[in-house]
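Below you'll find the structure, written out as structure tokens, and then a few comments.
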Amino acid sequence: MNPLPRWARAEWGGLYREVRAGLRERGWRAIWMTLVAVGLTAVLQVLQQQSWGYRFVADLGSVRAEDPFWQALLRTPFSLFVPALDLPVWGALAQILFMFGIAEICVGRPWTLVIAYVATLAGTLYARLGIALGPGGALGLPASDAQVVDTGPSAAVVGLAVFTAWRYRAYLTVVLVIVVMVGEVLVKDNLAGKEHLAAIAVTLVLCALCAVRQRRIGVRAGSGSGAPPIQS
């Protein structure tokens, strides 16, 4: 076998087998939450394109760093499903279908929801911190970013990609995701790119906490998929 296919099998074989088995055994029911998320995102996209629906969607899920903190917290869960107006909606739908679908099968619905929310919340909180720090430092942001509408699934998708890859020991994939996100910030230093890095940082902390917990309770790797089990 050539080196590339051999590497791909070692890196993604466990994930592939898990996804294939889940879809074969349960069909669409294996990813029903993902399908609901895709449908909700599509509906919100249609609504926010209408003059009568834009304000409703904005009040439901549009987050800005200048908003009151309590308001941002309430809107953050819904902001994940509000596509960014300046990006093609098919990109958001594809991200959710692909990454949420894999995560739903491989790490389960509870963990998928937790990681997606925590990663999105990390981006929301970072925006406030970065603006408070100002544009002078590497972690800072210009004051104008306080008015940027912060929506979309990208932070959640990045967090799920890192967590799921770590869960199945696809460590090179974790590194590649991090490198790509760092490259994004270097090429285009904007709020979205730095929020992705915040999502990665928080997700890596969760991975470390899970690993510590597994060691403490004596859980050993060796499931059929080759993934370290996560205790609920």
Taking region 7-119, the equivalent ellipsoid from its C-alpha gyration tensor has semi-axes in Å, biggest first, of 31, 16, 12
Stokes-Einstein, Kirkwood over Cα pairs, region 31-97, 20 °C, 1.002 mPa s; D in µm²/s equals 174 µm²/s
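Please work out how much length the chain gains when fully extended from residue 188 to residue 23, using 0.36 nm per residue of separation minus the C-alpha to C-alpha distance, in nm with one decimal.
Details: separation 165, 0.36 × 165 = 59.40 nm, distance 3.78 nm.
Between residue 188 and residue 23, full extension yields 55.6 nm more.
At 0.36 nm per residue, minus the direct Cα-Cα distance, what do residue 138 and residue 73 gain on full extension? Give it in nm, one decimal, please. Mind showing how you got there, number by number?
Working: separation 65, 0.36 × 65 = 23.40 nm, distance 2.53 nm.
Contour length minus the Cα-Cα distance gives 20.9 nm.
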If one compares the long axis through the Cα atoms of helix 69-79 with the longest principal axis of the Cα atoms of the chain, the angle in degrees, nearest 10, works out at 50 degrees
Residues meeting the amide H criterion for residue 63 (H placed from the backbone, H to H distance under 5 Å, 5 or more places apart or on another chain) are 150
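Under 9 Å from the Cβ of residue 123, count the other residues' Cβ atoms, weight Lys and Arg +1, Asp and Glu -1, and hand me the total.
Working: positive: 194; negative: 150, 195.
In short, -1.
Only counting other Cβ atoms within 10 Å, I'd like 210, 106 sorted with the fewest neighbours first. Let's see the in-between values first.
Numbers: 210 19, 106 23.
The order, fewest Cβ neighbours first, is 210, 106.
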Between the Cα axis of helix 3-26 and the main Cα principal axis of the chain, the angle (0 to 90°, nearest 10) is 80 degrees
The simple spin-label model distance between residue 180 and residue 149, using points 7 Å out along Cα→Cβ, in nm, is 2.6 nm
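Just subtract the alpha-carbon distance of residue 217 and residue 6 from 0.36 nm times their residue separation and send over the number in nm, one decimal. All intermediate terms of the calculation are to be shown ahead of the outcome.
Numbers: separation 211, 0.36 × 211 = 75.96 nm, distance 3.35 nm.
Extra length available between residue 217 and residue 6 comes to 72.6 nm.
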Expected vector for region 165-177, Karplus 3J(HN,Hα) from phi with 6.51, -1.76, 1.60 and θ = phi - 60°, integer Hz, x for Gly and Pro, equals 5, 4, 4, 9, 6, 8, 5, 5, 5, 4, 4, 4, 4
Binned at 10 Å starting from 0, the alpha-carbon pair-distance distribution of the chain in whole percents comes out as 8, 30, 34, 21, 7, 1
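Are there trypsin sites (Lys or Arg not before Pro) in region 155-216 that DSSP marks as loop and that have at most 10 other Cβ atoms within 10 Å, and which are they? Walk me through the numbers on the way to the answer.
On the way: sites: 167, 169, 188, 194, 213, 215, 216; in loops: 169, 188.
Of the trypsin sites (Lys or Arg not before Pro), the ones in loops of region 155-216 whose Cβ has at most 10 other Cβ atoms within 10 Å are 188.
Rule-based calculations on the coordinates, nothing more; no lab input. Remember, it's a predicted structure, so these values are computed and weren't measured experimentally. Positions of Cβ are backbone-derived with ideal geometry, glycine not excepted, and every protein chain shown enters the neighbour counts.
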